[in-house]
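Every number in this text was worked out from the coordinates using simple rules, so none of it is lab data. Values in this document were obtained by computation on a predicted structure and should not be read as measured data. Glycine gets a Cβ as well: all are built from the backbone with ideal geometry, and neighbour counts include every protein chain shown.
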Amino acid sequence: MSNPYPQQMANRCSDDEWQLRVQLAACYRAFVHYGWTDSIFTHLSARVPGNPQQYLINPYGLLFHEICASNLIKVDFEGNVVDGDYPYNEAGHAIHTAMLKARPEVNVALHSHTRAGMAVSCMQCGLLPLTQQANEIRDLLCYHEYGIARSGSEECERLGADMADKWIMIMQNHGLLSVGRNVAEAFYYLYTVENACKVQVDVLACGKDYVSPAPEVVDELAREGRRRASVNLEHVDLAWKAVLRLLDSKDPTFRN
């Protein structure tokens, strides 16, 4: 589907920014499709092309199915709304600036409060090596002890330090967080950890003995996951393009 650059946005953003707005708006709609939303809460962000200390985020108060490319707001790291007609979520500002400040190569951060993600975030065992998806991301995953995220607090620095060089975070007693160099990569990581969490919750709820892969097999898959994280992978882009086709077939208004 074509992706026209609206005239009314000409004075507000570059063409590169508009393309990113469409991608990020699509991610919000994907959250709706996969059932990852939490009313008006949680947030997804993307660093503004050409302005590395500014980011795009959802207008606080809108449901995710209402979000489109043109109504995303632009915020700087100091908390000033540079462009947009809505406020932002304070916790969202704290979490996303923490990620973007700590990792210059990261351009996108996604945060969720899904039922399975929150359930695993409350488990002392963390993410267990039960599935291929869990084992693929084993060495890309970190944990963050629960703390209340507020703009300008020490919690922001702790978030960035805990993420370090990882790509996925389980925020204990809170939810999930993924980062990426682009929307496709961040979405892939969140999709992967979310599925791993769902299966873990189901397996543990059964109360039956479960099968664990051999440690050497888990190690091999984790090494492959680390290798994949160092390069741009075709399957990540292909998976995201498939999501875009799905969203266009359902409701293409995210492109507005």
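Miscellaneous remarks
- Euclidean distance of C-alpha centroids, segment 90-158 and segment 222-256, integer Å: 20
- Total lysine pairs under 22 Å (Cα atoms) in segment 11-247, excluding pairs fewer than 8 apart on one chain: 4
- Under 5 Å, built H, 5+ apart or other chain: amide partners of Asn89: Tyr60
- Positive-end extreme of charge dipole, segment 152-256 - chosen from Val199, Ala239, Val217 (charges on Cβ): Ala239
- Sorted by Cβ neighbour density within 10 Å, fewest at the top, the residues Trp167, Trp36: Trp36, Trp167
- Rounded to the nearest 20, the size of the Cβ-charge dipole of the chain about its Cα centre is 360 debye, with Lys and Arg at +1 and Asp and Glu at -1.
- DSSP bridge pairs, segment 120-256: antiparallel proportion in percent, nearest 5: 50
- Whether segment 37-119 is rounded, prolate or oblate, judged on the alpha carbon gyration tensor where a/c under 1.5 counts as rounded: oblate
- Dimensions of the chain along the principal axes, based on C-alpha atoms and rounded to the nearest Å, stand at 59, 42, 33, largest first.
- Among Ile170, Ile148, Ile95, the residue with the largest mean-square fluctuation in a Gaussian network model of the chain, with springs joining Cα atoms closer than 10 Å, is Ile148.
- Put in order of Cβ neighbour count within 10 Å, fewest first, the listed residues Thr192, Thr131 become Thr131, Thr192.
- Backbone HN-Hα couplings from phi across segment 234-250 [Karplus 6.51/-1.76/1.60, Hz, Gly and Pro as x]: 4, 5, 5, 5, 4, 5, 5, 4, 5, 4, 4, 5, 4, 5, 4, 6, 7
- Global form of segment 106-256, assessed from the alpha-carbon gyration tensor, a/c cut-off 1.5: rounded
- Fewest-first ranking of Leu100, Leu190, Leu130, using other Cβ atoms within 10 Å as the exposure measure: Leu130, Leu100, Leu190
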